[in-house]
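Read-outs throughout are calculated quantities, based only on the coordinates presented, and are distinct from any laboratory measurement. Just so it is clear, the model here is predicted, and its values are computed rather than measured. All Cβ positions, glycine included, derive from the backbone under ideal geometry; neighbour counts span all protein chains shown.
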Amino acid sequence: IARFTFDELCTTELGSSDYSAIANHFRIVMLENIPHLNLKHPDRARRFITLIDELYEAECCLVCSAVDVPDRLFVGNSSDEEEISADSKKSTTENNDVSPDGTMLAIDVAQSRGTALSSLASVRELSFAFRRAASRILEMSSKSWWDEKL
């Protein structure tokens, strides 16, 4: 049995190989203090999703404490998706600065909430992955899963 906090596993520089090592070493994992996840910290959300995927693939049993039920841990909605989609369709050369020789400067300024769009995964992709993770959390925490895997 292993016991971790969300911060220990999802706010540090860990990746799928680290999560795989945990999943392959422990049959039962306790994960505490799972917060709401949002686009302000996409790395935390991605790490959490990767952790859940690795635990699921290794058929681990899971015990969680979180601020909400799995389906409501990701605080993202369709308006976020629409806003980022609209921003990504804007020209990446909106900066109309002119160089001394009179030519236009082409500078990538596509951003959403101050974050370059190129640094964000598609909201749609992240939302799908989180729905899958929420489903897996419920499954790995179920009595039937535990009865089958232990």
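Of note:
- Each peptide in 15-25, 128-138 gets a packing score, the mean of other Cβ atoms within 10 Å over its residues, and the list from highest to lowest is 128-138, 15-25.
- Cβ-derived FRET efficiency at R0 41 Å, Asp147 paired with Thr12, nearest 0.05: 0.80
- Label separation (Glu59 vs Arg132): 2.0 nm, computed from points 7 Å beyond Cα along the C-beta direction.
- Estimated FRET transfer efficiency when R0 is 41 angstrom, pair Phe4-Arg124 (beta carbons, to 0.05): 0.90
- Neighbour net charge for Ser20 - beta-carbon separation under 10 angstrom, K R +1, D E -1: -4
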